[in-house]
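Below is one structure, written out as structure tokens; the observations come after it.
The values are calculated or read from the model by the stated rules, or taken from the named source; none is laboratory data. As the structure is a prediction and not an experimental result, all values here were calculated from the model. Note that each Cβ is placed from the backbone with ideal geometry, even for glycine, and that neighbours are counted across all protein chains shown. For accessibility, only protein heavy atoms count, side chains too; no ligands or nucleic acids. Shrake-Rupley method; radii C 1.70, N 1.55, O 1.52, S 1.80 Å.
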Amino acid sequence: MLRLFRVLARLRGCRHWTKITELSARLSSTKAAPRIMNVFQDAVCTLNTLQTNASALEQVKRERGHPQLQLQAMRGFLQRAGLKVDELDRLNIIHVTGTKGKGSTCAFTEQILRNYGFRTGFYSSPHLVQVRERIRINGQPIGKELFTKYFWQVYCRLEETKDAHGGSMPAYFRFLTILAFHIFLQEKVDLAVFEVGIGGAYDCTNIIRRPWVCGISSLGIDHTSILGDTIEKIAWQKGGIFKPGVPAFTVKQSDGPKMVLQERAEEIGCSLSVCPDLEEYQSEDSLRLGLAGHHQRSNASLALQLSHTWLQRHFLTGACHSAFSLAETEWPGRNQTLKHGPVTYFLDGAHTTRSMQACVHWFNEIAPQHERNAGGPVVRVLLFNATGERDCGAMLKLLVPCLFDFAVFCPNITEAIATCNADQQNFNVSVENMLTRCLDNQQSWRVLNGQEEKPEAELLIGGGLPLVAERHRDTLVFPCILSALQWISQGRDSVLSDPNKCVIPVKPSINAKAALLREAVNIHVLITGSLHLVGGALKHLDPALNS
């Protein structure tokens, strides 16, 4: 275990060296195993100091017309971390962008190639429960020990050189991108699937010079302050990942963005092909998908084209594992169903109007199937939050026809207690702003449902937190995800009733409104609007993700 930090011996100039040697001594003791979590959390807390995305996004906006400045800064950070851009060519990268479905496309692609026996790397964002989910090897999040070891290698190299570069350190996402490159090189993966963060042309993953193949999933309106306010402007940004002579694929797009992508491909000098419908593939086996939702069929088709092109470029032929791979692909938080006794959770991180349309379509298909087998009354509950510049009103309007009995709103805070996991911390927005957003969403829901205005009554959660407000009997705002889930489940979910979980007391007047939940045979909960919300819910609903 001492090897965990001895690899950092040459980095003694780092101001964290004392801390590192102390941690190394702890790990050498007979009680090493319990210490690993503390060491990992220390790395994550240090990583969180780089959460300057708000200022980083402002910088991106200022430099929109000069993408070379973004990439130049990234090259500088990469070099300070001890890496060279041409080293990335060895990773045999598949580069994927899009507005909706790029993560699912990457998951399908990685699964296909892993089933061929390749050692795969997979970089995606955001994470749901633990930050190490973003960097996967052979489909699994990198282990805590490896994450910690490689984190300090990269962090110390950057910190010891910052004084010579104006004190600059890479922002959170940039750092994790550099860390992913470093880990995949050190762990000698056969290929790496990289999901773009935002856009394409200005994204820090676009430092990749020679991917083996590029893909663009379905396009829509999102991140307009950075990417532009029309679908055509967004398509131009996404097409920025194209590289000369590198084949590229996209799913079927509307005429405007399709034309822009074709023009970008011609300008850059690459071939661009449109994927066929999934039904057009010839397969001895039925192309069943492991990910629910009809929209996943276009993602699966794109993944088939990307993986097959990668194989062809490596002169590999043989039996196709694609049908099996598509069926066994898992991607948590996207059209996911969890049944906990009488409570069934439907989780989807939809956060744009187009993805919410797909979410509603999926929920309206799957929820009635569960309700037919309930044998009694079923209560429907919406748990919603959205962040950033999202059009919450438009998304909520799409959810109205689902006929929810309750609409519950909460910020993306896992627990309203000090022991919150560092992986879930977000320093880019204040609690006040998050709660204000929840109250605004609550009011939007009331207006959309034609509910009359009623004087606002401030209600308290035990412990003196004035964070629950109620304006109508079927809408509530809670201070955190755990308190919302506990109220919705009313003690009927054994996972949430775990004695190790803190039960946040709620005033009797609030519990009185839950009679419908207690009397129902089943409770169906749709959790949507934000991947961060879904991730926070999964932290409580799926304990295995915390290990």
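Any of K233/K258; K501/K539; K507/K539 with alpha carbons more than 23 Å apart? Name them for me.
On the way: K233/K258 12 Å; K501/K539 12 Å; K507/K539 25 Å.
Flagged as over cut-off: K507/K539.
Sorting 301-314, 80-93 by average packing, meaning the other beta carbons within 10 Å per residue, from highest down gives 301-314, 80-93.
Please report, as a whole percent, how much of the solvent-accessible surface of the stretch 90-237 comes from carbon and sulfur atoms (probe radius 1.4 Å).
Details: 1790 of 3930 Å².
Answer for the stretch 90-237 is 46 percent, counting heavy atoms of protein chains only.
Magnitude of the charge dipole for the stretch 40-315, about its Cα centre and with charges confined to Cβ atoms of Lys, Arg (+1) and Asp, Glu (-1), is about 440 debye. Peptides 214-224, 112-122 ordered by packing proxy, namely the average of other Cβ atoms within 10 Å per residue, highest first: 214-224, 112-122. Between R313 and D89, residue separation times 0.36 nm minus the direct Cα-Cα distance comes to 79.2 nm.
As a calculated quantity, the FRET efficiency between C45 and T337 at R0 = 35 Å, using C-beta atoms, amounts to about 0.55.
Evaluating 6.51 cos²θ - 1.76 cosθ + 1.60 at θ = phi - 60° for every residue in the stretch 442-447, the Karplus couplings come out as 4, 5, 4, 5, 4, 5 Hz, glycine and proline recorded as x.
As a quick test, which of the pairs K238/K339; K149/K238; K144/K252; K162/K188 have an alpha carbon distance above 32 angstrom in this structure?
Working: K238/K339 37 Å; K149/K238 34 Å; K144/K252 40 Å; K162/K188 28 Å.
Correct reply: K238/K339; K149/K238; K144/K252.
Along the axis of the charge dipole computed for the stretch 40-315 (Cβ charges of +1 for Lys and Arg, -1 for Asp and Glu, origin at the Cα centre), the listed residues A43, P276, I178 are led at the positive end by A43.
Rounded to the nearest 5, what % of DSSP beta bridges with both residues in the stretch 40-315 are antiparallel?
On the way: 6 of 24 bridges.
Around 25 percent antiparallel, to the nearest 5.
Would you work out what percent of the accessible area of the stretch 307-382, with all protein chains in place, is carbon or sulfur (probe 1.4 Å)? Before the final figure, lay out each step's value.
Details: 1810 of 3400 Å².
Whole-percent figure for carbon plus sulfur exposure: 53.
Solvent exposure of the stretch 40-315 amounts to 37 Å² per residue of accessible area, where only protein heavy atoms count and the probe is 1.4 Å. Kirkwood-type hydrodynamic radius, the stretch 40-315: 19.1 Å, calculated from all non-identical alpha-carbon pairs. The packing ranking, built from the mean of other Cβ atoms within 10 Å per residue, places the peptides 146-155, 251-260 in the order 146-155, 251-260, highest first.
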